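Everything on this sheet refers to the single structure shown next.
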Amino acid sequence: MVSRKIIAEKREHRPKGLIKTLRKEGKLPAILYGKDIPVMLSVSLKEVQNLLLSTSEHAVFTLQYEGSEHEVLVKDYQIHPISRKYMHIDFQEIRPDTKIRTPIAIHLVGSAHGTRQGGILEHHLHELEIECLPRDIPERIEIDVSSLDVGEVIHINDLSLSDSIRVLSDGEQVVVLVSAPKKEVEQVEESLEEDEEESQEQSEQSD
């Protein structure tokens with residue numbers, strides 16, 4: 001589990017114009033949700049960007065403000081549709097002894113053997129919904145696809161995860177597969193069509 005610290009400052013409710021000023025100062029409006037009422041904060045935009053670029057957004061972070069520290073997850077964030085800059089971020093406080101549900105990114109590692117025979121690697125599931133204690137949250141789930149041949153598939157049930165992690169997603173879901181080369185698929189389809197036509201002709205002749 002990756003643990004990083006973000007320094008925050010408490011802020012009062014501000015009109016929209018002053019929020020823009022806050023952003024111009026290189027700060028990002030933020031809200032901390034927890035057992036008490038939400039706390040409005042501001043954090044360094046640069047710190048948040050570096051943090052989310054260096055690790056998963058689903059990792060546990062330490063948020064510090066006014067001398068207190070809080071273990072948090074990123075609950076939500078807003079990105080400007082044109083500039084792609086972060087506009088706002090929400091944090092969710094967590095308890096070390098309480099299990100939480102969170103999605104974890106799935107990353108593929110290696111080059112599938114089947115692709116060297118013309119197969120196509122298809123990555124169907126990019127996140128896995130899990131439940132566990134905060135300390136057991138993995139930064140990501142890596143799947144080595146090097147040995148996958150054409151026609152082979154990996155389902156959620158095939159993944160090897162820690163016993164401390166409970167998978168909430170449907171175990172029959174396909175995570176990744178290597179499909180047959182397009183030409184082979186076309187040949188099979190043509191063969192099926194020919195068989196169907198031949199069967200139909202024989203049926204007509206018998207009538």
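Quick note: the coordinates plus some simple rules give every number you see, no bench work behind them. Keep in mind that this is a model prediction, so the values were computed, not measured. FYI the Cβ positions are ideal-geometry reconstructions off the backbone, even for glycines, and counts take in every protein chain you see.
What to note about this one:
- Residue order, fewest to most beta carbons within 10 Å, for THR62, THR55: THR62, THR55
- Of the residues SER147, THR115, VAL176, the one whose Cα sits farthest towards the positive end of the charge dipole of segment 101-185 is THR115 (charges of +1 on Lys and Arg Cβ, -1 on Asp and Glu Cβ, taken about the Cα centre).
- Residue order, fewest to most beta carbons within 10 Å, for SER164, SER83: SER83, SER164
- Prolate/oblate/rounded label for segment 54-164 (Cα gyration tensor, a/c 1.5): oblate
- For the residue pairs LYS35/LYS85; LYS10/LYS99; LYS46/LYS85; LYS24/LYS46; LYS5/LYS85, alpha carbon separations beyond 19 Å are given by LYS35/LYS85; LYS10/LYS99; LYS5/LYS85.
- Going by neighbour counts of Cβ atoms within 10 Å, the residues VAL150, VAL174 line up, fewest first, as VAL174, VAL150.
- Per-selection metrics, segment 101-185 (Cα): Rg and Dmax in Å: 14.1, 48
- Kirkwood Rh (inverse of mean 1/r, distinct Cα pairs), segment 45-95, angstrom: 11.8
- Over all other residues within a Cβ to Cβ distance under 12 Å of SER160, the charged ones net out to -4, with Lys and Arg as +1 and Asp and Glu as -1.
- Whether segment 3-94 is rounded, prolate or oblate, judged on the alpha carbon gyration tensor where a/c under 1.5 counts as rounded: oblate
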